[in-house]
1. Go through (1) in contact with a helix residue (DSSP H, G or I) (Cβ under 9 Å, 6 or more places away or on another chain); (2) exposed (fewer than 12 other Cβ atoms within 10 Å of the Cβ); (3) without any contact (Cβ under 8 Å) to a residue 24 or more places away in the chain; (4) not hydroxyl-bearing (Ser, Thr, Tyr) one by one and return the number of the condition Arg58 breaks.
2. Yes or no: Pro129 part of a loop (DSSP other than H, G, I, E, B) and either surrounded by fewer than 14 Cβ atoms within 10 Å (Cβ to Cβ) or not hydrophobic (A, V, I, L, M, F, W, C) (or both)?
3. Could you tell me which residue of segment 141-152 is nearest to Leu76 (Cα to Cα), considering only residues that are at pLDDT below 80 and surrounded by 11 or more Cβ atoms within 10 Å (Cβ to Cβ)?
4. So which residues in segment 14-31 are touching a residue at least 24 places away in the same chain (Cβ under 8 Å) and either surrounded by fewer than 14 Cβ atoms within 10 Å (Cβ to Cβ) or in a strand (DSSP E or B) (or both)?
5. Restricting to segment 91-119, name every residue that is outside any loop (DSSP other than H, G, I, E, B) and either in contact with a helix residue (DSSP H, G or I) (Cβ under 8 Å, 6 or more places away or on another chain) or hydrophobic (A, V, I, L, M, F, W, C) (or both).
6. Are any residues in segment 1-13 surrounded by 13 or more Cβ atoms within 10 Å (Cβ to Cβ) and touching a Ser or Thr at 6+ places or on another chain (Cβ under 9 Å), and if so, which ones?
7. For segment 42-90, please list each of the strands (runs of 3 or more DSSP E) lying entirely inside it that holds at least 2 residues being charged (D, E, K, R).
8. Between Glu158, Glu125, which is among the acidic types (Asp, Glu) and modelled with pLDDT under 85?
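The values are calculated or read from the model by the stated rules, or taken from the named source; none is laboratory data. Keep in mind that this is a model prediction, so the values were computed, not measured. Counting neighbours? That spans all protein chains shown, and the Cβs are built from the backbone with ideal geometry, glycine included.
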Amino acid sequence: MAEVVSTNQFKTGMAIEIEGQPFTIVDFQHVKPGKGGAFVRTKVRNIATGAVLDRTFRSGEKFERMHTQSRKMAYLYSTEDEVVLMDNESYEQVSISPVMAEDALKWVVENMEVDLFYLNNVPFEVQAPNFVELLITQSDPGVQGNTAQGATKPATLESGAIVQVPLFIEEGERVKVDTRTGEYLSRA
C-alpha cells in the first residue's frame, strides 16, 4: 500500500502524486486566514514536464507519496544538449537533459558533487549542495563613503552566478554562498 501524506507533512523536495501526475514540492506555505479554513499555498514541479505550477490545497488534504532515491554524482561537463554526471562509487556516467539541472548548474563547477534524484529508476532532478565555496571572477572595487551599514555590490562567481557581496570582498577571493537563497554567507 502506498504511503499517504497530509498537507501538514509537506517538505520541500517531497514527491507526491496530484491528479495522476508526479510532482515535487518546490515551496509551500501554511496560511491561516482570520475567516474560513486554513490552506496550504504550494509551488510544485511536474517531474515529467518540468513545469512549475502554483497550487492551493485545503489543510489536511491527503496525497499519495512517491518515493525517490538520490545518488551522489560528480558534475563533469555540460553542452547545449546534455549534462554529464559521474557516479562517485561506480564511476558510471549519466547523461541528462539541461532542463533537469538548470537550477543546480548556476552553482556548480567541474568535479563538484551534486545529488541526482531518481523516481522509479529514472533521473528527474539535480540539486546543488546547500552551501558552495566559489571564486569571485569579476567584481567592481568597493567604494567607501556615503554608505549606510550593509552596503553590497554585485560579484560574478566562477560558475557564472551573480551574488551581492559586501564592499570589502574583492576579485580573486573565495566566498561561501547558500544555493537555496543565492545569498553570500562569508569568506571561504
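1. Unmet condition: (3).
2. yes
3. Gly142
4. Across segment 14-31, the qualifying residues are Ala15, Ile16, Glu17, Ile18, Gln21, Pro22, Phe23, Thr24, Val26, His30.
5. Residues satisfying the conditions are Val94, Ile96, Pro98, Val99, Met100, Ala101, Ala104, Leu105, Val114, Leu116, Phe117, Leu119.
6. Result: Ser6, Thr7, Phe10, Gly13.
7. 52-58, 62-66, 68-78
8. Unique residue meeting the criteria: Glu125.
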